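The values are calculated or read from the model by the stated rules, or taken from the named source; none is laboratory data. Please read these numbers as outputs of a predicted model, since none were measured by experiment. Here Cβ is always computed from backbone atoms with ideal geometry, including for glycine, and neighbour counts include all displayed protein chains.
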Amino acid sequence: MHSSVVAHQNFAMRLLSWLQGFLAQCQAFRLILSDVMMAPTPVEGVALVRCIMRSDAQLWKTARAQWHQILIGGMLMDARCKQDFARAFTRDYPDLLKEFVADDHEHPVSITSLSVQIFTVPTLAHLLVAEEDAIAVLLRAFLSECEKHRNPEGRLAFERNHANVAFRRAQFVLYDLRYILSVPPDIWTDRLRKGFLYGISSLLNLLSWMQGMDSVVRQVGQHVEFEAEWETGINIQLKLAPVVALALEWCSRDREVAIKALRKALRALEGAQGHMTAVGRELADHSASCVDYDVSTGPVSIHLPLSRFVAGLLLCLDRFGLGYDSHEFQFRGKPTPEQLMELPLRTQVMVAQFRAGMWRRNGYSLLNQIYFYHNVRLRNETYDRDITLLQAAAALLESNEFLIHVLNKYGLLAWASNTYDSTQDEANAQLTVSIAEEFLGLILTLVSERSLPGVGAVTETDRLQREVVQLLCVEPLPHSQLVKLLPRGSSPAREAQVEQVLQRVAHFRRDNRAAAVTSATSTADASASTSRYELRPEFYSEFNPFFYHYTREEQSKAEEAQLRRRKQAGLEPCCPPPVPPEFARPFAMVVNLLQCDVMLRVMNLVLERSTSPSTGAFSETQLEKTLHLIGVALHEEQRLRDKGVSMADSFFAFTTRATQSGLAAALEKCVASPRTPSQKPLLDHTLRHFKRVRDGPSDTSSPMEVEDSSGGSAKSDGGGGSNRNAAAAAARRARIMAQMSAMQKNFIREYSDLFKEATEAEVASAAAPEVVRHTCILCREDEELSLSGRTLVLSVLVQRSTVLSKDRSQLPPPPPSSGEDEDESKKESNPLDEEDPTCAFGDLRYGPHASTCGHVMHARCWQKFFESVVTKERRRPARYGRHISFNVEKREFLCPLCECLSNAVVPLLPPVSALVPSECLERAAQVQALGVDPGFEAWLRGARLALERATLLRREGPSSEDKMHPRLLPPPLKEVLDALPPEAASHLSRLYACYREPSPTK
């Protein structure tokens, strides 16, 4: 580069710095700069600020930062200037994004990073949406990058082991969309509606491209040969989920926007689903036209963002007095409820088959996708939306038809018939049992999970409270872990809601017992003394063992904890279903699933098979979930009776229909059956609850009072008899405790001598020095740490440090180079300038810092290892370059065990108490008591003489291989004393009188 170019660059940088300081002096200067920047240039005819933004990718990092500071300090400090800049920035956003994607600089040094300064201002964001179509502009820019990754079917598809660096950079658009949509408007204008709906059209295009991507087909015969690409799709979902949630929040604020957005989404969904073939199915004298699709043989995907967007819009209709069948949504091609539920139902069936082990040959790709499908970071916009859409379909369809659709998709129509024979194929029978458990779990989720606003008559705070209660039923949790397990909300008041809910439902307590253990034992887990939130006792009645956000591990752990608590409280050892909140008006018909003919048939079959010892189509999990379904139905009927609704005027009469279908008799038969002893408490509770609801309002207690009083009902058999039994039990306990106390005293008295011997042995062992043994990480041999054994070393990293420096102007000298350059530098350097590394400077300008990973090796083993590393690196071909983690030219290496960077080793030495004989310690104490002090100068002179006259010692035996660590043999003490003044020699003689003269080596 020519020197004149460099000079102009330096001048430009200084001019920008001067201009930045000049703008800070007066607001008028900023206005003048804004007028100049927005004026068109004579060459290109566009505003100067647009030319600067387009040239951003051509500048170096420092120049970019200077221009960004000029724009922030000059144009973004004034409202009018900021609005002009935001318009120009939005218009050029697609070009700026393309340049950023092709660039190699990070996002913070790109002009696109200024979006956070613009789009986070609510009034400015709403202005850009209304007048500049900001949402559509940003989405079109992202769609242009996604276009490169579409397959022939029009869906997004990403290659395996392909570096998608450019596409990852393009995903920054999704963060900008979050900024724009972060604050929904309170006042809508026609231009704002038009601009937002224009952006919704672009968003639906993106969701259509993602609908069904990364679909998988069940692998049969052999394991999948290579793992399919899944990370890119999940990453897009993670970044797009907040955008979709905010877009739905905008739609819920205006009736016209909600209607038009849902019409657009339904048309897009109808076009993305394609043709579906129908087939007739029958069960329990009911028939339905089901979609003919086998999940175990066809492609299935967990990516259904378009269907889930429709589910979110359906929740907005009730607040505007609308429904799915309203005349505003009557158009040709509108998806039927069967079509709405088809894709989410396929996903649920695939997850059920995966849990049953049918997809085990599909590898980790499907496993990871299902994990994120249920993960707290994504489930609000995946799993929860699928459940909402299935609940909406259950409310729109006739209940028997809906259940036939679900049974057909799960492949359980034969299992639900009276003629099912489970003895034909044992493997298939076990598989059918697992699938049936998942089916019952899905139905239980549909009828009991109502904590989502719009599905149930609840608020967002109620939903958050239910999540917290279920999490604390598993175990007490610290605040940080509890917040991580809660779904993230888009509301700015989310943290305040969490704190309010925690104060209402939990106690903040510290585990004193764990803290005491931690303080007494240094190796205890530090997290044991963490303060935790513990659920208040009155909220334990809301525990749901089949909470749909539980993992299997959490479900098992929570149920065990609650059973243990109930047993200690004297309650029944079972976990009945809690009272769910009331359904919202559009979802009120979902509860009809509990009393329809098909559901009663399924309940009867499960109860009958639980008492039949010959059937193989039964499991205790099926029985437990069926009892929970019955419990939810009883809660619904009890709710209606509490409202004063007569059974003649109510559409829900579960106990009447259950009695007519024989369900009550089957329940009593199960209670008397000995086949399921583990479910006996839940059976007893369900039967009592059933009779209480069926027999009418004679007992006015609430369902939860029934639960609490059921444990004590068995204890109130009689007044006087129970008192006598209690007195006899107390006397028996007192007698047993007295016997145990007497036995303890006799044992201590008989073996008192052994207790004294054990105590003396412990004291003696504590006084003796502990023998330390280490295991070499290279040869795996144990070695005792002693002077006579083989040398043990630790790998360390030694480097210069200025952490404690008091004079930052004194820089440490550069490290000496290797080879000939080092020799030449030594020849040219002045001996007076050389510094003694063993002495520290007064200002601590620099010093050595050493760190070690703590892994022990034999010195000889390490030497062989290091030589092999050096040899290997020297043989490495030059075209491959040196190792990226260490440089052998600087004597660097990686620890053989943990691969920690090191450049030296230090020897391990035994404790000082093991080096000095005990009589020497006693003699030193005596000398100190007599006040004999040879003086530091005399002692230092003697030590120097001993070091100068010492000879190298080459020992034979175990340490003969330690040639790299020679040892010194000190001279005789008499030789050192003769060279000292008489007074100093006398003091040193008495001080070292206990040391024996070393014998000459052979």
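For the range 108-119, which positions are buried (at least 19 other Cβ atoms within 10 Å of the Cβ) and outside any loop (DSSP other than H, G, I, E, B)?
Selection gives 111, 112, 114, 115, 117, 118, 119.
Determine whether residue 382 is under 24 Å from residue 550 (Cα atoms), among the β-branched types (Val, Ile, Thr) and without any contact (Cβ under 8 Å) to a residue 60 or more places away in the chain.
For residue 382, the condition - under 24 Å from residue 550 (Cα atoms), among the β-branched types (Val, Ile, Thr) and without any contact (Cβ under 8 Å) to a residue 60 or more places away in the chain - is not met.
Being crowded, with 22+ Cβ neighbours inside 10 Å and either in contact (Cβ under 8 Å) with a residue 12 or more places away in the chain or not assigned by TED's automatic domain parsing to the domain that holds residue 399 (or both) narrows it down to one residue among 672, 664, 633, 653; which is it? Reasoning before the result, please.
On the way: 672 fails: crowded, with 22+ Cβ neighbours inside 10 Å; 664 fails: crowded, with 22+ Cβ neighbours inside 10 Å; 653 fails: crowded, with 22+ Cβ neighbours inside 10 Å.
One residue alone meets the criteria, 633.
Taking the residues in the range 225-266 that are assigned to a helix (DSSP H, G or I) and touching a Pro at 6+ places or on another chain (Cβ under 8 Å) as candidates, determine which candidate is nearest to residue 301 (Cα to Cα).
Applying the first criterion (assigned to a helix (DSSP H, G or I)) to the range 225-266 yields 231-251, 255-266.
Cutting the leftovers down to touching a Pro at 6+ places or on another chain (Cβ under 8 Å) gives us 237, 240, 244, 246, 249-250, 266.
On the way: 237: 13, 240: 17, 244: 19, 246: 24, 249: 26, 250: 28, 266: 19 Å.
Applying the filter and picking the extreme gives 237.
Residue-by-condition table, conditions (1) in a helix (DSSP H, G or I); (2) at pLDDT 85 or above; (3) within 30 Å of residue 285 (Cα to Cα); (4) not assigned by TED's automatic domain parsing to the domain that holds residue 637:
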residue	(1), (2), (3), (4)
705	yes, no, no, no
715	no, no, no, yes
735	yes, no, no, yes
763	yes, no, no, yes
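Rundown of residues vs (1) closer than 30 Å to residue 359 by Cβ; (2) not assigned by TED's automatic domain parsing to the domain that holds residue 450, yes/no style:
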{"residue": "247", "(1), (2)": "no, yes"}
{"residue": "256", "(1), (2)": "no, yes"}
{"residue": "263", "(1), (2)": "no, yes"}
{"residue": "272", "(1), (2)": "yes, yes"}
{"residue": "282", "(1), (2)": "yes, no"}
{"residue": "299", "(1), (2)": "yes, no"}
{"residue": "310", "(1), (2)": "yes, yes"}
{"residue": "313", "(1), (2)": "no, yes"}
{"residue": "316", "(1), (2)": "no, yes"}
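If you go through the range 335-365, how many residues are of a type in the set (Ser, Thr, Tyr) and under 23 Å from residue 290 (Cα atoms)? Steps first, answer last, please.
Just the residues of the range 335-365 that are of a type in the set (Ser, Thr, Tyr), to begin with: 336, 347, 364-365.
In the following step, the residues that additionally are under 23 Å from residue 290 (Cα atoms) were identified as 336, 347.
Number satisfying all stated conditions: 2.
Checking residue 105 against (1) within 20 Å of residue 13 (Cβ to Cβ); (2) assigned to a helix (DSSP H, G or I); (3) of a type outside the set (A, V, I, L, M), which test does it fail?
Tallying (1) within 20 Å of residue 13 (Cβ to Cβ); (2) assigned to a helix (DSSP H, G or I); (3) of a type outside the set (A, V, I, L, M), residue 105 fails exactly one: (2).
Cβ-Cβ distance below 8 Å, separation of 6 or more or different chains: which pairs start in the range 841-866 with a residue that is under 14 Å from residue 794 (Cβ atoms) and end on one that is of a type in the set (Gly, Ala, Ser) and crowded, with 18+ Cβ neighbours inside 10 Å?
852/795; 852/902; 853/795; 853/902; 855/795; 857/795; 862/795
Given the criterion within 26 Å of the chain's Cα centre (by Cα), small (Gly, Ala, Ser) and within 25 Å of residue 439 (Cβ to Cβ), identify the matching residue among 278, 356, 288.
Testing whether each residue is within 26 Å of the chain's Cα centre (by Cα), small (Gly, Ala, Ser) and within 25 Å of residue 439 (Cβ to Cβ) leaves just 356.
Residues 301, 287, 307: which one is polar (S, T, N, Q), in contact with a Lys or Arg (Cβ under 9 Å, 6 or more places away or on another chain) and farther than 22 Å from residue 401 by Cβ?
Within the list 301, 287, 307, the selection yields 301.
Can you list residue pairs whose Cβ atoms sit under 6 Å apart, with the first residue in the range 546-566 being closer than 16 Å to residue 576 by Cα and the second being among the hydroxyl-bearing types (Ser, Thr, Tyr) and not in a loop (DSSP other than H, G, I, E, B)? Count only pairs 6 or more apart in sequence or on different chains.
That search, which allows pairs on different chains as well, returns 548/445.
Out of curiosity, is residue 566 surrounded by fewer than 19 Cβ atoms within 10 Å (Cβ to Cβ) and charged (D, E, K, R)?
On the way: surrounded by fewer than 19 Cβ atoms within 10 Å (Cβ to Cβ): no; charged (D, E, K, R): yes.
Considered against the rule, which asks whether it is surrounded by fewer than 19 Cβ atoms within 10 Å (Cβ to Cβ) and charged (D, E, K, R), residue 566 comes out as no.
Residue check: is residue 481 modelled with pLDDT of 90 or more and either crowded, with 17+ Cβ neighbours inside 10 Å or under 20 Å from residue 553 (Cβ atoms) (or both)?
In short, yes.
Mind checking which residues of the range 166-209 are over 27 Å from residue 149 (Cα atoms), assigned to a helix (DSSP H, G or I) and within 27 Å of the chain's Cα centre (by Cα)?
Those that are over 27 Å from residue 149 (Cα atoms), assigned to a helix (DSSP H, G or I) and within 27 Å of the chain's Cα centre (by Cα): none in the range 166-209.
Looking only at the range 267-287, how many residues end up being under 23 Å from residue 299 (Cβ atoms) and assigned to a loop (DSSP other than H, G, I, E, B)?
Residues flagged as under 23 Å from residue 299 (Cβ atoms) and assigned to a loop (DSSP other than H, G, I, E, B) within the range 267-287 amount to 4.
Among the candidates 30, 14, which residue alone is within 15 Å of residue 66 (Cβ to Cβ) and charged (D, E, K, R)?
14
Evaluate the following for residue 308: is it among the basic types (Lys, Arg) and within 22 Å of residue 237 (Cβ to Cβ)?
yes
For every residue, the table says whether it meets (1) more than 32 Å from the chain's Cα centre (by Cα); (2) at pLDDT 90 or above; (3) assigned to a helix (DSSP H, G or I).
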site: 72; (1), (2), (3): yes, no, yes
site: 84; (1), (2), (3): yes, yes, yes
site: 87; (1), (2), (3): yes, yes, yes
site: 139; (1), (2), (3): no, yes, yes
site: 144; (1), (2), (3): yes, yes, yes
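Which number in (1) more than 27 Å from the chain's Cα centre (by Cα); (2) among the polar types (S, T, N, Q); (3) not in a loop (DSSP other than H, G, I, E, B) marks the one condition that residue 222 misses?
Residue 222 satisfies all of (1) more than 27 Å from the chain's Cα centre (by Cα); (2) among the polar types (S, T, N, Q); (3) not in a loop (DSSP other than H, G, I, E, B) except (3).
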